[in-house]
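Note sheet for the following structure.
The values are calculated or read from the model by the stated rules, or taken from the named source; none is laboratory data. Every value quoted in this text rests on a predicted model; they were computed, and no experiment measured them. Note that we place each Cβ from the backbone using ideal geometry, even for glycine, and neighbour counts take in every protein chain shown.
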Amino acid sequence: MPTIILKKAKTLIGAFILIKLFIILLFIFTIFSVESKNSADDSIVVNNYQNIQMSNINYIQVEEDLKNIDNKKITNKQKIEVLKKIVEIYLNNSNIEKSKEAIEKGLKISDTEIDIQNFNLYKAYILNRSDDKNDIQESIKIIDQIVKKLENNNSKESKKIKFESYLLKGDTYLYLNYASSAIKAYSESENYKYSELNIFDVKASKLFLYQSLELYDLAISELHETEKLLNIIDLEKEDKNYYEEIIYKLGVYLYEEKKDFIKSRDYALDYLKLSKEMSLATQANTYYMLSATYSNLKDFKNAEKYMILAGDILRNNTIDFDKKEKLYAQYAYYKNKEDYETSLLILNEYEQIVGVEKISKSKYEIYKLKNDYENAHKYLDIHINYISSKIGEEELERYIKFNEKRHFENLNKEKERLLKESKEKDIELKEIERKNKMLTINNYLIHFLLFLIFTCFLVIIYFYNKYYQISITDSLTKVYNKRYMNKKINKYNNILMLDIDYFKKINDTYGHIAGDFLLKEVAKIIKNTVGNDGCTIRYGGEEFVVLLKNEINGYELGEKIRKIIAAQDFKYADKNIKITISLGLSDTLSKADVLLYKAKNSGRNKILKEVESFYV
């Protein structure tokens, strides 16, 4: 029994040991599998960066890879290669801070002079992109240190770094306005050519040099040669895109300076196609560039369209962006719309970024368009001094110097032409001012004469009316007189004639002053009673004539006048005087006169008309 139990116990212990051994092996296998998977994943990262396309970048993944690069299960050499690519990615997207972070990590793990100087070259490139001149000077110092460190190293990698260092040094001198030093640096770079791509690098640098010195014919000639080479030499797509970008950008700028805006637009459209494969910052820049070219063509609809597209990219994405292209597009838009004040405001903002020298030519053109010759001279002088300052103390190559001299001659001719235009404009303005003064004096004289004539005319009319009224008005009774009647009587065939009865007796009894008083009172009653139905006239002595409108019943009106006068007590000198009148009504004055005398002879204080049926 104990033997059997012992055997069973041994069997159980053996099984337990086997199970434990299996678990340990499984755990080791799992760890090994995870590590293998992580290692495989890290190897994929290296491959990804070797084959990465700049047009299709996952920036979130790039940032994560940068953050975790120290933990990747790859060699230091592989880490350095990944970091170099990350630096290039961030530089291409103008993310300077992330570029710096990748460079610092690269320098920490670099153990060869080649890798160290490669990352230092990136650092020099970042400083070169700064607008601070101290940073740019520091860039030159770093470049000199790089070249010195690799002085005795003639490997292909060393040649590549030295070539790019001298090329960058040339660009830096060019930015600092030392064209001759730039040419020397470019020439030096050619001593370290390591591939056929270097031809394009040097040509691109010289293109920038010619453009900077405003030697546009030389630059365009070099541009076309570069385009031909690009079609002949077989390049990788990424390299070809890089040089095409330089060609298209410079093509836009050069032909714009030559005022060939159609070709400038064509290069911008080619650049737009290319930018679809590049960063969002590049696409936004291209839209602004296109907006400027369309503004120069006065096609403001398309100019606004591309301005909006660029704005949409900047609004919907967080990217570092070079503001200069945007400002230039706005400047071109308002300049071509002839809104010169807004153009100047934009140039002032531009000046804060690049300095007065680099916008002096644009300000000169705006002030010239405004006919502000004083400021135009000022900025043309700044521009000429700026171009001449690029030469430096040493000689440029012969053909550059020749073209430079020719360009300066053209600028000075432009200055002389501007001075001549200014003088001519000044003379013209003075002549216009003189003519305006004469015109103003003449206008004052003409207005004064017109005022005088008008015043005289009013005076004449006033006195004419005054004396005419006097001439047709009876001075005593203030009704119309016989002269007025003679002018109007032919128009009337409804005539009433009346006479104050026994007027001579009244004069004899009360005096002529009393008689005049009665004449005035009678005239007033007749005039008020007739109103607008006719006009009252003193015919002579105590006789009155009333010319009535045809539709008025003269008999009834005459009877009304007779009754009013007969009923009236005329008070004069505390005496009441009673009078009557006799009237005759007819279609002519002579007939009315006959009827008046008939009324007098038949008892007075009555009205007679020619026939009983004359009025009903």
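Select, from Ser130, Ser139, the only residue that is small (Gly, Ala, Ser) and in a helix (DSSP H, G or I). Only one candidate qualifies: Ser139.
Just checking, which of Leu168, Leu107, Leu174 is crowded, with 20+ Cβ neighbours inside 10 Å, in a helix (DSSP H, G or I) and modelled with pLDDT of 85 or more?
Details: Leu107 fails: crowded, with 20+ Cβ neighbours inside 10 Å; Leu174 fails: modelled with pLDDT of 85 or more.
Unique residue meeting the criteria: Leu168.
Filtered by the rule that a residue be surrounded by 16 or more Cβ atoms within 10 Å (Cβ to Cβ), assigned to a helix (DSSP H, G or I) and over 21 Å from the mean Cα position of the chain (by Cα), region 271-296 gives Tyr271, Leu272, Leu274, Ser275, Leu280, Ala281, Thr282, Gln283, Ala284, Asn285, Thr286. When each of Lys273, Lys249, Lys259 is tested for being on the phi > 0 side of the Ramachandran plot and at pLDDT 85 or above, the lone residue that passes is Lys259.
Got at least one residue in region 206-220 being modelled with pLDDT of 85 or more and outside the structural domain of Ile384 (by TED's automatic domain parsing)? Within region 206-220, one or more residues are modelled with pLDDT of 85 or more and outside the structural domain of Ile384 (by TED's automatic domain parsing).
Taking region 474-589 and the helices (runs of 4 or more DSSP H) fully enclosed by it, the elements with 3 or more residues that are farther than 23 Å from Lys606 by Cβ and touching a residue at least 12 places away in the same chain (Cβ under 8 Å) are at 482-488, 512-530.
Residues Tyr210, Tyr192: which one is crowded, with 19+ Cβ neighbours inside 10 Å, hydroxyl-bearing (Ser, Thr, Tyr) and farther than 20 Å from Phe119 by Cα? So that I can check it myself, show each step before the final result.
Values: Tyr192 fails: farther than 20 Å from Phe119 by Cα.
Only one candidate qualifies: Tyr210.
Of the residues in region 400-418, not one is at pLDDT 70 or above and among the β-branched types (Val, Ile, Thr). Exactly one condition in (1) outside any helix (DSSP H, G or I); (2) surrounded by 15 or more Cβ atoms within 10 Å (Cβ to Cβ) is not met by Asn118; state its number. In the conditions (1) outside any helix (DSSP H, G or I); (2) surrounded by 15 or more Cβ atoms within 10 Å (Cβ to Cβ), Asn118 misses (1) alone.
Of all residues in region 307-323, those that are over 18 Å from Tyr350 (Cα atoms) have Cβ atoms under 7 Å from Cβ atoms of residues that are part of a loop (DSSP other than H, G, I, E, B), 6 or more apart or on another chain, in Leu314/Phe321; Ile319/Asn93.
The numbered conditions (1) more than 19 Å from Ala332 (Cα to Cα); (2) touching an Asp or Glu at 6+ places or on another chain (Cβ under 8 Å) are all true for Lys237 except (2). Restricted to region 297-324, and to residues there that are hydrophobic (A, V, I, L, M, F, W, C) and within 15 Å of Glu256 (Cβ to Cβ), the residue that is surrounded by the fewest Cβ atoms within 10 Å (Cβ to Cβ) is Leu297.
One residue is enough: does region 222-229 have a residue meeting the conditions surrounded by fewer than 18 Cβ atoms within 10 Å (Cβ to Cβ), among the aliphatic types (A, V, I, L, M) and part of a helix (DSSP H, G or I)?
yes
Under the condition of being surrounded by 12 or more Cβ atoms within 10 Å (Cβ to Cβ) and either out of contact with any helix residue (DSSP H, G or I) (no Cβ under 8 Å at 6 or more places or on another chain) or among the aromatic types (Phe, Trp, Tyr) (or both), the residues counted in region 496-514 number 5.
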